[in-house]
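The values are calculated or read from the model by the stated rules, or taken from the named source; none is laboratory data. Source: prediction; values computed, not measured. Neighbour counts run over all protein chains shown; Cβ positions are idealised from the backbone, glycine included. Side chains are part of the model used for accessible areas, which takes the heavy atoms of the whole protein and leaves out ligands, DNA and RNA. Shrake-Rupley method; radii C 1.70, N 1.55, O 1.52, S 1.80 Å.
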Amino acid sequence: MPITRADIEAAHARIAPHIRRTPALNMGSAFGHDGPVSLKLEFLQHAGSFKTRGAFNTLLSKDVPVAGVAAASGGNHGAAVAYAAKQLGVTARIFVPEISSPAKIAVIRSHGAEVVIGGARYADAQGACDLYVEESGALRVHPFGAESTITGQGTTALEWEQDAPSLDTVLVAVGGGGLIGGVASWWAGRVKVVGVEPEGSRALHAALEAGRPVDVDVDSVAADSLGAKNTGDLVYSICRDTVDHVALVTDAAIRDAQRLLWRDYRIASEPGGAAALAALVSGAYKPRSGERIGVLLCGANVELAKLAEITHP
């Protein structure tokens, strides 16, 4: 394994003073399933998503140059890097694609980072970021394809296991795969890890099917957070051996999960943050009777006007 449990434990010790330990909501039968369900409420993390873990782990484990840090992001990773940089007194420049949610861009700017629109899609923003890093010498904080990022995201599973120690299966939304790579590195061989991707944005599903990372087209309501075109080699090498499979969900199922979270729990979830739950409630993942299920709710940077549209049509 490129990333071990000891690596994740060390990362957690490193970042613990800077992150929130987010709670797990452990329930009996829920969401139409007759077994226990545990929700890891990671959307309560600083800057609204799990990404803050990887950002802090990178900044605290690397030498940050005078030029500061740079990142490409659909929104959540940029917000996390901006937040971590501000807390550590580091300058940050964040490159976002045109499809990024205005709500997410506002969060990035609220933490003092410079925002640069870097093209139509995430891959364009990453290209603009890479060029800036080459020219300036800034430290690139990759959203999913770096060991420091994946190791930081794995601390989510470390906490979750302490708060819900007997899970059989966890459902994890996948964009580029940094989160599921970290979670699967922690639970490898002990808990079944199932990825969840939108039908229109399936980089990990396609990679596992092809036996290598491949480019995919991206078209989903969750594209600003689950819209990576390619998982890259590191994520693929981890998930190939540790992820059971990837369940695909429709955009309609994601919207239904957002509505359910707001109606029954008053959780304002972005589409990507609700995707893992969508797999359970839509039947894209069908648990066996009594199976102990964990669902990772990973992001809350939603445009409230759009949430209002789907919850009060």
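Mean projected area of the convex hull spanned by the Cα atoms of the stretch 82-160, taken over all viewing directions: 6.0 nm².
Treating only the Cβ of Lys, Arg, Asp and Glu as charged (+1, +1, -1, -1), what charge dipole size does the stretch 112-246 show about its Cα centre? Round to the nearest 20 debye.
So the magnitude is around 240 debye.
By how many degrees, 0 to 90 and rounded to 10, does the Cα axis of helix 51-61 deviate from the longest principal axis of the chain? Its long axis makes an angle of about 40 degrees.
Considering only protein heavy atoms and a probe of 1.4 Å, how much of the accessible area of the chain is carbon and sulfur, as a whole percent?
Ligands and nucleic acids excluded, carbon and sulfur give 49 percent.
Around the Cα centre of the stretch 16-166, unit charges on the Cβ atoms of Lys, Arg, Asp and Glu (plus for the first two, minus for the last two) sum to a dipole of about 360 debye. Measuring between their Cα centroids, the stretch 128-157 and the stretch 240-294 lie 27 Å from each other.
Determine the equivalent ellipsoid of the stretch 13-158 by diagonalising the alpha-carbon gyration tensor, then write out the semi-axes as square roots of 5 times the eigenvalues, largest first, rounded to whole Å. Can you show the working numbers first?
Details: eigenvalues 167, 62, 32 Å².
After scaling each eigenvalue by five and taking roots: 29, 18, 13 Å.
Toward the positive end of the charge dipole of the stretch 173-242, with +1 on the Cβ of Lys and Arg and -1 on the Cβ of Asp and Glu, the farthest Cα among ALA207, VAL218, CYS239 is that of CYS239.
So, for the stretch 206-253, what is the accessible surface per residue at a probe of 1.4 Å, expressed in square angstrom?
Working: 2120 Å² over 48 residues.
For the stretch 206-253, the per-residue accessible area is 44 Å².
Computed across the stretch 107-259, the Kirkwood radius stands at 16.4 Å (inverse of mean 1/r, all Cα pairs).
Can you tell me the accessible area per residue over the stretch 7-74, all protein chains present, probe 1.4 angstrom, in square angstrom? Working shown, then result.
Working: 2540 Å² over 68 residues.
Result: 37 Å² per residue.
Diffusion of the chain by Stokes-Einstein, at 25 °C in a medium of 0.890 mPa s and with Rh set to the Kirkwood radius over alpha-carbon pairs, works out to 130 µm²/s.
Quick one, can you get me the convex hull of the C-alpha atoms of the stretch 179-259 expressed as volume per residue in Å³?
Roughly 87 Å³ of hull volume per residue.
Secondary structure note: in the chain, about 20% of the DSSP beta bridges are antiparallel. The long axis of helix 5-15 is offset from the longest Cα principal axis of the chain by roughly 60 degrees. Between the helical axis of 271-282 and the dominant principal axis of the chain, each derived from Cα atoms, what acute angle in degrees is found, rounded to the nearest 10? Approximately 20 degrees, to the nearest 10. With a threshold of 19 Å on the Cα-Cα distance, the over-threshold entries among LYS62/LYS86; LYS40/LYS306; LYS104/LYS306; LYS286/LYS306; LYS86/LYS306; LYS40/LYS229 are LYS40/LYS306; LYS286/LYS306; LYS86/LYS306; LYS40/LYS229.
In a simple Cβ point-charge model (Lys, Arg +1; Asp, Glu -1; nothing else charged), the chain has a dipole of about 680 debye relative to its Cα centre.
By DSSP, the beta bridges lying fully in the stretch 1-128 are antiparallel in about 45 percent of cases.
Over the stretch 157-226, what portion of Cα pair distances is larger than 20 Å, expressed as a whole percent?
33 percent
Could you give the distance between the Cα centres of the stretch 1-67 and the stretch 162-220, to the whole Å? Between the Cα centre of the stretch 1-67 and that of the stretch 162-220, the gap is 15 Å. Its alpha carbons considered, the stretch 207-313 gives a radius of gyration followed by a Dmax of 15.1, 43 Å. Of LEU297, LEU171, LEU260, the residue with the greatest mean-square motion in the GNM of the chain, using alpha carbon springs below 10 Å, is LEU260.
When each of the peptides 6-16, 144-154, 239-249 is scored by the mean number of other C-beta atoms lying within 10 Å of its residues, the order from highest to lowest reads 144-154, 239-249, 6-16.
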